[in-house]
Amino acid sequence: MSTGSGADSAPAPTSTHESKSGGTFSSLKIRNYRLFATGAVISNTGTWMARITQDWLVLSLTGSAAAVGITTALQFLPMLLFGLYGGVIADRFPKRKLLLVSQAALGLCGLALAVLTLSGVVQVWHVYLIAFLLGVVTVVDNPARQSFVSEMVGPAQLRNAVSLNSANFQSARLIGPAVAGVLITTVGSGWAFMFNGLSFAAPLVGLLLMRPAEFHKVTVVPRAKGQLREGLRYVSGRPDLIWPIVLVGFVGTFGFNFPIWLTAFADEIFHGGAGMYSFFNILMAAGSLAGALLAARRRSSRLRMLVAAGTAFGLLEIIASMAPTVWIFAILLLPIGMIGLTTNISANTSVQMAADPAMRGRVMSLYMMVFAGGTPVGAPIVGWISDAYGVRTGMAVGGAFSLLAAIGVGLMLARAGGLRLRVDLRPGRPHVRFVPREELAAAA
């Protein structure tokens, strides 16, 4: 594998990255990845239980959608502030060892919140503090975990493994909210937090059982000055990296504020309770799981798919914000989950497959910084709009930002790839499509 910058040999923005996937679940044939995925589905279930319970707990303690937004913002603020440094650390050290430390720390945070809640002394500032500490740990955990996938499966199975990671996460999202809803209404929130803390034992065991000799060789970057700037220069010179990252930044900042919107729709608009909020999350998870499994079957990564998915995602959010009944809103959550996950996977796999292995940790830290780190900016804004002008307006604004960003990025990618928009009204032909400048000039 080349360890150069790759800037001169970068694929065109509209290129296709091919991989022989060998089936929807082909990467699970690899033992190390199978251990990783098994541990992940258990800890992800606990994480979703804690996330749903945390949002509902904050809303119960404060009665404010903005407070839920603040909690979400605090959890992602460290990614915004320190995310790039996490990528440098992920490139410098063995990722398996980093994950052993970070997963253990995440489990301890979950147990701390469980003890506070079960003892009856929990206050909203406790939730704020633990949310911030979780964010600090994920600064290193996220890029290490993302780039560790290629070390386990190799380039041929990378697309499939990334898609299955998302399917794994969304499968847990189907189970976690349902279990959380039952626990909140029966034995209380503390036991959901307790399960989350204990669930991190599963990935720790999986990491310890892995066979390091079967890992694909990845260059560990030695400590040196200027590695952060080097990563930024590398990404800025690659249109196939920078524009997908820009798009997921807008979508993550303004379009993925579902903890705020779904709690408010369940509580204020449709006058349901924790059960309805869990039901909304289950529907979104079902759509997201379908999107992940469809992505696992695809053999190529096209940036046009990313732009189309981002556009459709923004439109669906705007439509859902105007849903007159709970059932119309609920039905729309299925395609929103599917298209939103397609947007995320398309961007993630395009960026990972285009990045040089020696740069992958820094590239993925930038990706996660703009996707998740934008939440501290977007969540309080969207939460304030939802409180001041209604949750319908807040969701519509988030969808509008995602829609405009997808259109803008599509135009910039077309320009970088030397494409122009062609309109053809003749029957039986694509009416609107991008074509190379040379083809457009020949037709003229």
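The values are calculated or read from the model by the stated rules, or taken from the named source; none is laboratory data. Remember, predicted model here, so these are calculated numbers, not experimental data. Note: ideal-geometry Cβ built from the backbone for every residue, glycine included; neighbour counts use all protein chains shown. When the accessible area is computed, the model is the full protein with side chains, heavy atoms only, and any ligands, DNA or RNA have been set aside. Shrake-Rupley method; radii C 1.70, N 1.55, O 1.52, S 1.80 Å.
Select, from Lys225, Lys217, the only residue that is modelled with pLDDT under 80 and more than 30 Å from Ile42 (Cβ to Cβ).
Criteria check complete, one pass: Lys225.
Report yes if Leu111 is more than 30 Å from Ala295 (Cα to Cα) and modelled with pLDDT under 85, otherwise no.
no
Given the criterion in a helix (DSSP H, G or I), within 21 Å of Ser278 (Cβ to Cβ), open to solvent by 30 Å² or more (accessible area, probe 1.4 Å) and of a type in the set (Val, Ile, Thr), identify the matching residue among Thr72, Thr47, Thr117, Thr53.
Only one candidate qualifies: Thr47.
When you go through (1) under 15 Å from the mean Cα position of the chain (by Cα); (2) within 19 Å of Met79 (Cα to Cα); (3) small (Gly, Ala, Ser) one by one for Ala131, which number turns out not to apply?
Going through the list (1) under 15 Å from the mean Cα position of the chain (by Cα); (2) within 19 Å of Met79 (Cα to Cα); (3) small (Gly, Ala, Ser), Ala131 breaks only (1).
If the Cβ limit is 9 Å and pairs must be 6+ apart or interchain, which residue in region 174-203 that is touching a residue at least 60 places away in the same chain (Cβ under 8 Å) pairs with which residue that is buried (at least 19 other Cβ atoms within 10 Å of the Cβ) and acidic (Asp, Glu)?
No pair meets every condition.
Do you know which of the residues in region 269-279 that are modelled with pLDDT of 80 or more and in contact with a Ser or Thr (Cβ under 9 Å, 6 or more places away or on another chain) is surrounded by the most Cβ atoms within 10 Å (Cβ to Cβ)?
That would be Tyr277.
Does Ser386 satisfy the criteria of being crowded, with 24+ Cβ neighbours inside 10 Å, modelled with pLDDT of 80 or more and either over 22 Å from Ser166 (Cβ atoms) or of a type in the set (Ser, Thr, Tyr) (or both)?
yes
Can you name the residue in region 1-34 that is under 29 Å from Asn281 (Cα atoms) and open to solvent by 40 Å² or more (accessible area, probe 1.4 Å) and, of all such residues, is modelled with the lowest pLDDT?
Phe25
Please enumerate the residues belonging to region 347-364 that are open to solvent by less than 10 Å² (accessible area, probe 1.4 Å) and under 17 Å from the mean Cα position of the chain (by Cα).
Ala347, Thr349, Ser350, Val351, Gln352, Gly361, Val363, Met364
Could you figure out which of (1) in contact (Cβ under 8 Å) with a residue 60 or more places away in the chain; (2) more than 22 Å from Val246 (Cα to Cα); (3) open to solvent by less than 40 Å² (accessible area, probe 1.4 Å) isn't true of Gly340?
Among (1) in contact (Cβ under 8 Å) with a residue 60 or more places away in the chain; (2) more than 22 Å from Val246 (Cα to Cα); (3) open to solvent by less than 40 Å² (accessible area, probe 1.4 Å), Gly340 violates only (2).
Could you list, in sequence order, all residues of region 155-175 that are among the small types (Gly, Ala, Ser) and open to solvent by 40 Å² or more (accessible area, probe 1.4 Å)?
Residue satisfying the conditions is Ala156 alone.
Exactly one condition in (1) at pLDDT below 80; (2) buried (at least 21 other Cβ atoms within 10 Å of the Cβ) is not met by Ala178; state its number.
Evaluating Ala178 over (1) at pLDDT below 80; (2) buried (at least 21 other Cβ atoms within 10 Å of the Cβ) leaves (2) as the failure.
Can you say whether Glu230 is modelled with pLDDT under 80 and of a type in the set (Asp, Glu), as far as the supplied structure shows?
yes
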